[in-house]
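Here is the structure we will look at.
The values are calculated or read from the model by the stated rules, or taken from the named source; none is laboratory data. What you are looking at is a predicted structure, and each value in this text was computed from that prediction instead of being measured. With ideal geometry, Cβ positions are generated from the backbone for all residues, glycine too; neighbour counts draw on all protein chains shown. Keep in mind that these areas ignore ligands, DNA and RNA; they rest on the heavy atoms of the full protein, side chains included. Shrake-Rupley method; radii C 1.70, N 1.55, O 1.52, S 1.80 Å.
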Amino acid sequence: MPPIVIYIIIGVAALLVGVLITATVLRNAIERKAADKLKQAETEGEAIKKEKLLQAKEKFLQLKQEHEKAVSEKNNQLAQSENRIKQKEGTLNQKMEEVKRKENEFDKRKKDLEHQIDMIKVRQEEIDKLHRKQVEQLETMAGISADDAKAQLIESLKAEAKTDSMSYIKEMMDEAKMTANKEAKRIVIQTIQRVATEHAIENSVSIFHIEGDEMKGRIIGREGRNIRALEAATGIEIVVDDTPEAIILSGFDPVRREIARLALHQLVTDGRIHPARIEEVVEKVKKQVEDEIVETGKRTTIDLGIHGLHPELIRMIGRMKYRSSYGQNLLQHSREVANLCAIMATELGLNPKVAKRAGLLHDIGKVPDDEPELPHAILGMKLAEKFKEKPEVCNAIGAHHDEIEMTSLYSPIVQVCDAISGARPGARREIVEQYIKRLKDLEALALSYQGVDKTYAIQAGRELRVIVASEKVTDKDAEKLAFDISQKIQNEMTYPGQVKVTVIRETRAVGYAK
């Protein structure tokens, strides 16, 4: 074997021996280190164990002390409860003894009272016997029984009390009537004096003035086509006659007459008059009038201080400007009634705003768009209910002509103020012939009664004075005659406001000294 190989083998063997020695040394070192760590861990574990044991013991001792403290407190509470219960038992025993003592005293007093009652009964029987004996003696002396005497006394007292009460009632009624009439007159007169209103007279004809008669031909147009177009667009009859510088607009609806008048004014001013232009101007004027109606309604509510009205009600108030009743402008009448109602409500201690609202709306049923077959008061009430007005306002509107029952104090106020505004002299216009005929009918109606000598209709037909023959009609008959005549006028005649019937009966003795 060559020496180099031997050296290599020896070197490898020496390397292996060195590696084995190194591995052995490292293993021993690791084992020692592991043994040290294990020993250290065991030491630390023992320390931790001892520490945990100490903590557990301390916790146990703490819990034990708390438990003992709680038990001690419970024992103290129980002891206190036992003491209180013992005290209450003692107090209860004392009360029971007191109750027993009072029961004994009550029984004793009860027996004493029963004895006294028995004694009173015995004495009452003796008194009754003496009373009966005395009554028998009195009946024997008076010759009348006690029951009859009692009945006579009661009847006498009843008659006397009735006479006194009737006299007292009559005095109170006279005083109440005097005070009520005086106060009512004061309120009405003061209310009328505080409201001064001018009355406008309306009719069914309007006069449109033109500068010259040559304009009439242009308004009529070729073969009358312009005037026919104007009448068809406005619904108003246009009368072109020999009246100088004037054209008559005839129609029952004041709104239509106003539209026709304004349209004619614009057409004449512009100079272009033909059917197409007429229709255009009429439509434009209709819108202007409708705007004016709304503006009038708003201005009226602002002037009167009435707020919160539905826009449709405001529009209807504006339409009142173009309506009239017996020649009295409806808007002016409603404004006057509203002011009268406010003043009268203030005098009576009521809400003047509610009264003024009811007064302004009381004739709203006269200006609806469709105009159904209903009395204007009922229609106005339904419109007010539709637009959420207050119940007292609705009732005042519906009851101001007695179509429905009055349910609030505002209703008679509106009725009275409506009569004040409409029935005062000069407020409303009637045809002269109708006025004279109504006065004659009043006088003839009163003359038809037996015993009536003369009749006079005065105060513009609002008072009827009836003079009767004193030998034919007594004072009681005069009162009955006044009532009968007033009822017959109310049932058979139509009149504004009210008619006062005064029956006059007098006896005259005449002598002459010569």
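Exactly one of (1) open to solvent by less than 40 Å² (accessible area, probe 1.4 Å); (2) assigned to a loop (DSSP other than H, G, I, E, B); (3) among the small types (Gly, Ala, Ser) is unmet by Ala233. Its number?
The number of the failed condition is (2).
Results for (1) in contact with a helix residue (DSSP H, G or I) (Cβ under 7 Å, 6 or more places away or on another chain); (2) open to solvent by less than 10 Å² (accessible area, probe 1.4 Å), shown as yes or no for each residue.
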residue: Asp303; (1), (2): no, no
residue: Ile317; (1), (2): yes, yes
residue: Leu331; (1), (2): yes, no
residue: Cys341; (1), (2): yes, yes
residue: Ala345; (1), (2): yes, yes
residue: Lys353; (1), (2): no, no
residue: Leu361; (1), (2): yes, yes
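Taking the options Glu385, Glu373, name whichever one is in contact with a helix residue (DSSP H, G or I) (Cβ under 7 Å, 6 or more places away or on another chain) and farther than 16 Å from Ile317 by Cβ. Let's see the steps before the verdict.
Details: Glu373 fails: in contact with a helix residue (DSSP H, G or I) (Cβ under 7 Å, 6 or more places away or on another chain).
One residue alone meets the criteria, Glu385.
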